Amino acid sequence: MNMKDVLKDIENQNSYRVEQRLNEMIRKNPSYRHLNKDNQELVLDLLKKYKTKVRKGIRVSGLTIRRDMYRLHRNRLKFDLTKRDLNSIRKILRSFKS
């Protein structure tokens with residue numbers, strides 16, 4: 001499962017189902033399995049914020065993504081994020097932009 005599968009028909013799904021699909025993608029997709037439990041929760045919290053915008057038909061701006069990535073990069077030691085983790089998170093967040 002990838003982000004296109006999750007975002008497909010998002011307007012017609014209830015909030016619980018969207019969160020369930022995001023959770024499944026983060027936990028089972030081989031590209032994101034290297035994220036530890038805390039980092040997965042961090043990503044899911046960010047995605048919940050984006051999910052509300054996307055469900056209303058509002059595109060997530062590049063500025064919002066850059067702000068969130070800056071905050072993560074600035075606190076990477078606190079969150080125990082590696083470069084690989086940051087690149088994976090950036091990839092996930094950018095998929096909401098399109």
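The values are calculated or read from the model by the stated rules, or taken from the named source; none is laboratory data. If you're wondering where the values come from, they're calculated on a predicted model, not measured in any experiment. Here the Cβ positions follow ideal geometry from the backbone for every residue, glycine too, while neighbour counts run over all protein chains shown.
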*Has segment 27-41 got at least one residue that is free of Cβ contacts under 8 Å to residues at least 24 places away in the same chain, within 16 Å of Lys97 (Cα to Cα) and not in a helix (DSSP H, G or I)?*
no
*Please go through segment 42-78 and pick out each residue that is part of a helix (DSSP H, G or I), over 14 Å from the mean Cα position of the chain (by Cα) and aliphatic (A, V, I, L, M).*
Leu63, Leu77
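Do we find a residue being charged (D, E, K, R), in contact with a Lys or Arg (Cβ under 9 Å, 6 or more places away or on another chain) and at pLDDT below 80 anywhere in segment 83-98? Give the steps one after another, and end with the answer.
The initial filter retains those residues of segment 83-98 that are charged (D, E, K, R), namely 83-85, 90-91, 94, 97.
Of the ones still in play, those that are also in contact with a Lys or Arg (Cβ under 9 Å, 6 or more places away or on another chain) are 83, 85, 97.
Checking which are at pLDDT below 80 leaves us with 97.
Yes, segment 83-98 contains at least one residue that is charged (D, E, K, R), in contact with a Lys or Arg (Cβ under 9 Å, 6 or more places away or on another chain) and at pLDDT below 80.
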_Residue satisfying all of: in segment 56-78; buried (at least 16 other Cβ atoms within 10 Å of the Cβ) and in contact (Cβ under 8 Å) with a residue 24 or more places away in the chain; farthest from Asn12 (Cα to Cα) among these_ = Leu72
*asked:* If I ask for residues that are touching a helix residue (DSSP H, G or I) at 6+ places or on another chain (Cβ under 6 Å) and within 23 Å of Pro30 (Cβ to Cβ), which ones from segment 47-64 would you list?
replied: Leu47, Lys51
*Counting just the residues of segment 79-90 that are part of a helix (DSSP H, G or I) and touching a residue at least 12 places away in the same chain (Cβ under 8 Å), which one comes out farthest from Asn36 (Cα to Cα)?*
Arg90
